[in-house]
Amino acid sequence: MKKSHESAEDYLENILILRERNGNVRSIDIVNEMNYSKPSISIAMKKLRSEGLVEMDLNGYITLTESGEEIAQRIYSRHKLLEKVLVAIGVDSETASEEACRIEHDINDDTYNKINAFYEKHLRSSK
(Lines give C-alpha, C1' and ligand atoms only; values in the text may rest on other atoms or scores of the structure.)
Protein backbone atom coordinates (compact mmCIF):
# COMPACT_ATOMS: atom_id res chain seq x y z
CA MET A 1 0.00 0.00 0.00
CA LYS A 2 2.75 2.44 0.95
CA LYS A 3 4.59 1.94 -2.35
CA SER A 4 1.36 2.58 -4.27
CA HIS A 5 0.83 5.82 -2.34
CA GLU A 6 4.39 6.93 -3.05
CA SER A 7 3.97 6.11 -6.74
CA ALA A 8 0.78 8.18 -6.95
CA GLU A 9 2.58 11.10 -5.31
CA ASP A 10 5.41 10.80 -7.85
CA TYR A 11 2.95 10.90 -10.75
CA LEU A 12 1.15 13.93 -9.33
CA GLU A 13 4.43 15.73 -8.66
CA ASN A 14 5.62 15.03 -12.20
CA ILE A 15 2.33 16.29 -13.67
CA LEU A 16 2.81 19.52 -11.69
CA ILE A 17 6.42 19.91 -12.87
CA LEU A 18 5.48 19.22 -16.49
CA ARG A 19 2.62 21.70 -16.31
CA GLU A 20 4.96 24.38 -14.96
CA ARG A 21 7.49 23.61 -17.68
CA ASN A 22 5.19 23.06 -20.69
CA GLY A 23 1.86 24.65 -19.83
CA ASN A 24 -0.06 21.42 -20.41
CA VAL A 25 0.48 17.72 -19.90
CA ARG A 26 -0.29 14.61 -21.92
CA SER A 27 0.39 10.97 -21.06
CA ILE A 28 3.31 10.87 -23.52
CA ASP A 29 4.95 13.73 -21.62
CA ILE A 30 4.78 11.66 -18.43
CA VAL A 31 6.17 8.62 -20.30
CA ASN A 32 9.14 10.69 -21.46
CA GLU A 33 9.69 12.39 -18.09
CA MET A 34 9.53 9.30 -15.93
CA ASN A 35 10.89 6.74 -18.43
CA TYR A 36 7.95 4.41 -17.85
CA SER A 37 6.08 2.49 -20.54
CA LYS A 38 2.93 3.88 -22.15
CA PRO A 39 0.79 1.05 -20.70
CA SER A 40 2.12 1.75 -17.18
CA ILE A 41 1.27 5.44 -17.49
CA SER A 42 -2.16 4.63 -18.91
CA ILE A 43 -2.94 2.35 -15.96
CA ALA A 44 -1.65 4.94 -13.47
CA MET A 45 -3.70 7.77 -15.03
CA LYS A 46 -6.82 5.60 -14.95
CA LYS A 47 -6.23 4.91 -11.26
CA LEU A 48 -5.57 8.59 -10.49
CA ARG A 49 -8.77 9.55 -12.37
CA SER A 50 -10.77 6.98 -10.41
CA GLU A 51 -9.35 8.44 -7.16
CA GLY A 52 -10.39 11.94 -8.25
CA LEU A 53 -6.83 13.26 -8.40
CA VAL A 54 -6.58 14.00 -12.13
CA GLU A 55 -8.90 14.67 -15.04
CA MET A 56 -8.30 14.06 -18.72
CA ASP A 57 -10.09 16.00 -21.43
CA LEU A 58 -11.15 14.73 -24.88
CA ASN A 59 -7.81 15.84 -26.36
CA GLY A 60 -5.84 13.81 -23.80
CA TYR A 61 -4.66 16.73 -21.70
CA ILE A 62 -4.24 15.86 -18.04
CA THR A 63 -5.05 18.31 -15.26
CA LEU A 64 -4.82 17.99 -11.52
CA THR A 65 -8.03 18.21 -9.53
CA GLU A 66 -8.04 20.34 -6.40
CA SER A 67 -7.10 17.28 -4.32
CA GLY A 68 -4.42 16.24 -6.79
CA GLU A 69 -3.01 19.77 -6.84
CA GLU A 70 -2.77 19.83 -3.03
CA ILE A 71 -0.85 16.56 -2.92
CA ALA A 72 1.43 17.56 -5.81
CA GLN A 73 2.23 20.96 -4.29
CA ARG A 74 2.94 19.41 -0.87
CA ILE A 75 5.30 16.78 -2.29
CA TYR A 76 7.03 19.20 -4.67
CA SER A 77 7.60 21.82 -1.96
CA ARG A 78 9.05 19.11 0.28
CA HIS A 79 11.31 17.96 -2.54
CA LYS A 80 12.61 21.47 -3.24
CA LEU A 81 13.33 22.20 0.43
CA LEU A 82 15.00 18.86 1.09
CA GLU A 83 17.13 19.23 -2.03
CA LYS A 84 18.24 22.74 -0.95
CA VAL A 85 19.16 21.52 2.53
CA LEU A 86 21.10 18.54 1.20
CA VAL A 87 23.03 20.75 -1.23
CA ALA A 88 23.69 23.24 1.59
CA ILE A 89 25.33 20.53 3.69
CA GLY A 90 27.57 19.46 0.81
CA VAL A 91 25.67 16.78 -1.11
CA ASP A 92 26.11 17.15 -4.89
CA SER A 93 22.99 18.40 -6.66
CA GLU A 94 22.19 15.20 -8.59
CA THR A 95 22.44 13.02 -5.48
CA ALA A 96 20.52 15.63 -3.47
CA SER A 97 17.66 15.53 -5.98
CA GLU A 98 17.53 11.71 -5.92
CA GLU A 99 17.67 11.57 -2.13
CA ALA A 100 15.04 14.30 -1.75
CA CYS A 101 12.74 12.26 -3.99
CA ARG A 102 13.01 9.32 -1.60
CA ILE A 103 12.77 11.31 1.62
CA GLU A 104 9.83 13.53 0.56
CA HIS A 105 7.35 10.65 0.85
CA ASP A 106 8.41 9.33 4.23
CA ILE A 107 9.14 12.38 6.33
CA ASN A 108 6.43 13.31 8.81
CA ASP A 109 4.96 16.81 8.96
CA ASP A 110 6.62 17.75 12.26
CA THR A 111 10.09 16.79 11.01
CA TYR A 112 9.51 18.59 7.72
CA ASN A 113 8.38 21.73 9.57
CA LYS A 114 11.49 21.63 11.76
CA ILE A 115 13.76 21.23 8.74
CA ASN A 116 11.96 24.13 7.08
CA ALA A 117 12.37 26.32 10.18
CA PHE A 118 16.07 25.41 10.38
CA TYR A 119 16.52 26.22 6.70
CA GLU A 120 14.78 29.58 7.06
CA LYS A 121 16.83 30.51 10.13
CA HIS A 122 20.28 29.19 9.25
CA LEU A 123 20.62 28.43 5.56
CA ARG A 124 18.34 30.75 3.58
CA SER A 125 20.08 33.91 4.80
CA SER A 126 23.51 32.51 3.92
CA LYS A 127 22.72 32.53 0.19
Kindly provide the set of residues from the range 95-127 that are aliphatic (A, V, I, L, M) and outside any helix (DSSP H, G or I), ordered by number. 107
Taking the conditions exactly as written (at pLDDT 95 or above and either in contact with a His (Cβ under 7 Å, 6 or more places away or on another chain) or surrounded by fewer than 16 Cβ atoms within 10 Å (Cβ to Cβ) (or both)), does residue 98 satisfy them or not? no
Restricting the range 27-83 to residues that are among the β-branched types (Val, Ile, Thr) and outside any helix (DSSP H, G or I), the one most open to solvent (accessible area, probe 1.4 Å) turns out to be 63
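The values are calculated or read from the model by the stated rules, or taken from the named source; none is laboratory data. Everything quoted here is computed from the prediction, not taken from an experiment. Glycine also receives a Cβ, built like all others from the backbone with ideal geometry; neighbour counts cover every protein chain displayed. Note: areas computed on protein heavy atoms with side chains; ligands, DNA, RNA excluded. Shrake-Rupley method; radii C 1.70, N 1.55, O 1.52, S 1.80 Å.
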